[in-house]
Structure formats: structure tokens, C-alpha cells
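What follows is calculated from the coordinates using simple rules that are stated; it is not laboratory data. As the structure is a computational prediction, the values presented were derived from the model and not from experiment. Cβ: placed from backbone, ideal geometry, glycine included. Neighbour counts: every protein chain shown.
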Amino acid sequence: MRKITVPTFRYPGGKSQLSSIICKYIPLRGRKFVDVFAGRGNITFRAMAEGLDYREWVLNDIGRAPFLRALMNYGDQFKVTEKSKAEFDRLSKLAERNDPHALLMEPFLAFNGGTFDGGGSTTEGGRGTPERYEENVRLACEFLRKHKVRITNLDWLDCLEAEKLGPDDFVMVDAPYIGCEVGAYSAESICPTELIEYLKLAKFNWVLTEYRQPLYVEAFGEPIFEKKVQLRAPNFEDTAGQGIRIECIWTNIGKSAINRDAVTVPFEPVPDDPKDTFYSDLAPEELLGEIRKCAAAITAARNQMNKEMRTRLLPALLELRKRTYRKHPGYYETLAAIGLPADTVRQWFYRSHTADEVIELVEEETTPSTFEGRGGTPPPDVETELLRHADKIAKAVLDNKITFAKRLATEYLRVREETRD
Ligand SMILES: C[S@@+](CC[C@H](N)C(=O)[O-])C[C@H]1O[C@@H](n2cnc3c(N)ncnc32)[C@H](O)[C@@H]1O
């Protein structure tokens, strides 16, 4: 059997397949190599295997740091245990307490290399045989120790700020993809426009991977690499129904400054109510200009809000919690007294009816009927099909995909109407 030269670990959104291409765009040497959304470390392991020469290596991940630490600290002693439902249940409890053996078994036992709590056990035999998997773990441990890797579990921006990066440093940016809900982590745990703005001003070298998203093309231009991929993870939002995505790579390496003003716009107050004919009187170019201005202002406001929370509200709240510990009035009373109960904070993030309408207006109407049969006509067993469809609506509502839920509901009502006796 061929010896493993690069450790790879299954993971939703994991880059073991793409890592050799990604490495082609990374500078061969430098000061710090920071994999800021490291996941199971697949890109870093490839970079190490290819002999990239960096003085410091940092693996950061808000969710997978305990797995990476278990690899580094216990990988040399690891032995695969049996693959059974009982073992899955036992280890998933232990993993909650960061038990290193349980964490190291996770990619082997959990569906698609995800987490124990993120989608059930695998039926695919994990990473091949137990022997192969153990070899992967041991080699990964060797790599991490040899390069004296620092493992952190910070939010991406805190990590990058703490590292004080400059032109000799490299950052790998493989953030959760827009619209991906894979169980092991959520797309909502980063704000893409905030990431874009940060990368635009970055003084360090970076490589970014994402599907072809207009937001990124607008910010960074055409990607330097594209590849069509067939979706495998069942939880990726796939309203187009084709299951095809274009995997892309962007980088700032070799570019001096990328269109730096696109996201930050000067603050312009919303004008007083324009007269009824304001929009119908606009020339086509003026109308597009108005839409562009609004989009940029909304992006800037959103980024500003994130900045307020990260740099002012969060540290201030932490300080207040410290000061009010075991005091009267306590932390929650003090907050309520200044009008900041949790409900207020929650409602900052509610999506308004107008936002839903805007999404509806910008979303292409390409969703094919989710009813079986030709041309969206229901199959003979309409009741079963309607029930199946209702399940989908319920799931979309619970996942907070309101626009998609509404579309499904419209279709549901159309079929109900057509099939009524
Ligand atoms: C696409 S995966 C990375 C996969 C990795 N490159 C690999 O090949 O294994 C994205 C990772 O980002 C992490 N993540 C999500 N939000 C984060 C945040 N705000 N800061 C840091 N890491 C985050 C998730 O835990 C997840 O492991």
C-alpha cells in the first residue's frame, strides 16, 4: 500500500482535493503562515508536505481548534476504536468534553467528516481503513510538532489583528461559504462584506477560496482559478437545483491595491421622501446609479454595525459583566435599566418585510418545481406529494429561509388549486 505523504481529513467544505492547486498560489517562503479558518487543517498539511518555508505557523478555527490540539498532543498515541452505533454515541458524549480520543475519531465516524452533533454517522467507511486513518493522524501529529504550530480558537478578525501581520506574512482564507449550512459550522458565523473590506486593506498576502459569488467578483475581480464542482453535501442551499457550483480562488498576491474604495462609501443621509414621480423620472443611468449608491451605503452601514459591536459593544459588555459580578444591581438589571435587554439586541438582526421583498426582487426566478413529474405537474399520488412539499416548507421556515419558503408555499397553493375536486 502506498505511504501517505499528505495527511487529509474529511470535512464539509474541506479542501483536501483542492489543496495542491491552492498551494501553487502561496508564496514559497515567508515569516508567518496563518490558516485563519483552518477546519481540519487540510490546506496547511499540504503546504507543509510541499516544503513551504515559513518561520511561524498558526492554525486558527473557532470550532475545530480542539480537534487540531488533539492531533498535535495525542496523535502519536492514537488507535482507532470500533465503528458501531454504540461507540458513536459514547464518543459523541465524550467529544462534548473535548476528550482527545473522541475528537480524533470524529472525522472517521461522523457523516462527511463533520461533527458528532452535525449530521449522524458515516456509511462510507470514514477515511478508508482504520490503519490508513491512524497513519493520517500520526503524520498530521508529526507535521504539527515539527513546525511547532500555534493553535488558536479565535474569531477570524481577532486572530488576524493579534498576529500583527505584514508583507512577509501569508493568510489562507477558507471561510464558511455563503449559504452553506453543513451542520459542523454555519455560514452566518462570518459577515462576508466585513471580510471583503478587511482583505481589501490587508498588508499581508492572502489567498481566498469561495464559490463564484458576485459579491467577491465585484470586490476582487475575476478569480485566478475556477473549477466546476458537483455538490455532495446535502445541506447546501441549492435553489437553482442543478447541484453545480464553480469553485474559485482569489488572491491579492501580485496586485498592489485592489479597487479599495468599492465597499467603504462616504455616509450620505437618506433623502427626504422623494416625490411620487422621482423614480419614474430618472434616466436609465440615473436609476442604476441610485441602486448602486443604496447597495454601497447598505453594505457600509452593515460593516459599520459589525465594527461597533466588535470593537465597542462586546468589550464594554465583558467589562460590565466583570464589574457587576455578585453586585446589586446585577449585570442584567443594569442592562435593562439602560434599555438593552436581549430582545432589543435580537431585534437588530430581524429581517424586515422590506428586506424579504428586496431579496424576492433580486433573486432570479429559476427554481424548478419541486413537485415530481414533468413540467412541475404533480404525480398521481398528490396527497403524498403535497405532504412532502409541506415538509419542505416547514424546514425552510425553521431554517429561516423565508424567501425560499414563500416560493415553495406559492407553488403549494398553485398545485392545491389545480388539483382541487
Ligand atoms: C470551509 S471550513 C475550512 C475547511 C478547511 N480549509 C479544511 O480544508 O479542512 C471553514 C471553517 O471556518 C470555521 N469558522 C467559522 N466561523 C469562523 C469565525 N468567525 N472565525 C474563525 N473560524 C470560523 C469553521 O469552524 C470551519 O471549520
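Using +1 at the C-beta of Lys and Arg and -1 at the C-beta of Asp and Glu, which of CYS191, ALA396, THR5 has the Cα lying farthest in the positive direction of the dipole of the chain?
THR5
If you build a Gaussian network model of the chain, linking Cα atoms that sit under 10 Å apart, which residue out of LEU160, LEU68, LEU340 swings the most?
LEU340
Cut-off 15 Å, label point 7 angstrom out along Cα-to-Cβ of LEU318: give me the residues of the range 141-158 whose amide nitrogen falls inside.
Counting only backbone N, you get 153-158.
With springs connecting C-alpha atoms under 10 Å apart, model the chain as a Gaussian network and identify which of PHE143, PHE349, PHE37 has the largest mean-square fluctuation.
Sorting by GNM fluctuation, first place goes to PHE349.
Residue separation times 0.36 nm, minus the C-alpha to C-alpha distance between ALA342 and LYS93: what's the value?
The span from ALA342 to LYS93 would gain 86.6 nm if fully extended.
Identify which of ASP281, ASP356, ASP155 has the largest mean-square fluctuation in a Gaussian network model of the chain, with springs joining Cα atoms closer than 10 Å.
ASP281
State, to one decimal in nm, how far the label point of SER20 lies from the label point of ILE244, with both points 7 Å from Cα in the Cβ direction.
2.5 nm
Helix-only estimate, please: 222 nm mean residue ellipticity of the chain, summing -39500 (n - 2.57) across DSSP H runs of length 4 or more and dividing by its residues, to the nearest 500.
-13500 deg cm²/dmol
Using only the Cα atoms of the chain, what do you get for the radius of gyration and for Dmax, in Å?
According to the Cα coordinates of the chain, Rg and Dmax are 24.6, 76 Å.
Return the percentage of antiparallel bridges among DSSP beta bridges fully within the range 19-251, rounded to the nearest 5 %.
In the range 19-251, DSSP labels about 45 percent of beta bridges as antiparallel.
For a Förster distance of 56 Å, can you work out the FRET efficiency between the beta-carbons of ARG2 and ILE178, rounded to the nearest 0.05?
Computed FRET efficiency for ARG2 and ILE178 comes out at 0.90.
Gain in length, ALA301 to VAL270, computed as 0.36 nm per residue apart minus the alpha-carbon separation, to one decimal in nm?
Full-extension gain reported as 10.0 nm.
To one decimal place, what orientation-averaged projected area in nm² is obtained for the convex hull of the Cα set of the range 1-90?
Across all orientations, the range 1-90 yields a mean hull projection of 7.6 nm².
Using label points projected 7 Å from each Cα along Cα→Cβ, tell me how many nm separate ILE402 and ARG351, to one decimal.
The answer from the label model is 0.7 nm.
Within 10 Å of each residue's Cβ, count the other Cβ atoms and sort TYR412, TYR332 from fewest upward.
Ascending Cβ contact count within 10 Å gives the list TYR332, TYR412.
Looking only at the chain, where both bridge partners belong to it, what percent of the DSSP beta bridges are antiparallel (to the nearest 5)?
Antiparallel bridges make up about 45 percent of those DSSP assigns within the chain.
Rounded to the nearest angstrom and ordered from largest down, what semi-axes does the equivalent ellipsoid of the range 19-251 get from its C-alpha gyration tensor (root of 5λ)?
Whole-Å semi-axes of the equivalent ellipsoid: 29, 23, 16.
With only Lys, Arg, Asp and Glu charged, each at its Cβ (+1 for the first two, -1 for the last two), find how big the charge dipole of the range 74-232 is about the Cα centre; round to the nearest 20 debye.
With only Lys, Arg, Asp and Glu charged at Cβ, the dipole is about 520 debye.
For LEU361 and ILE253, FRET efficiency with R0 = 30 Å and r from the beta-carbon atoms, rounded to 0.05?
After rounding to 0.05, the efficiency reads 0.20.
Take the cross-link list LYS32/LYS148; LYS32/LYS146; LYS164/LYS203; LYS15/LYS307 and give me the ones stretching past 19 Å between alpha-carbons.
LYS15/LYS307
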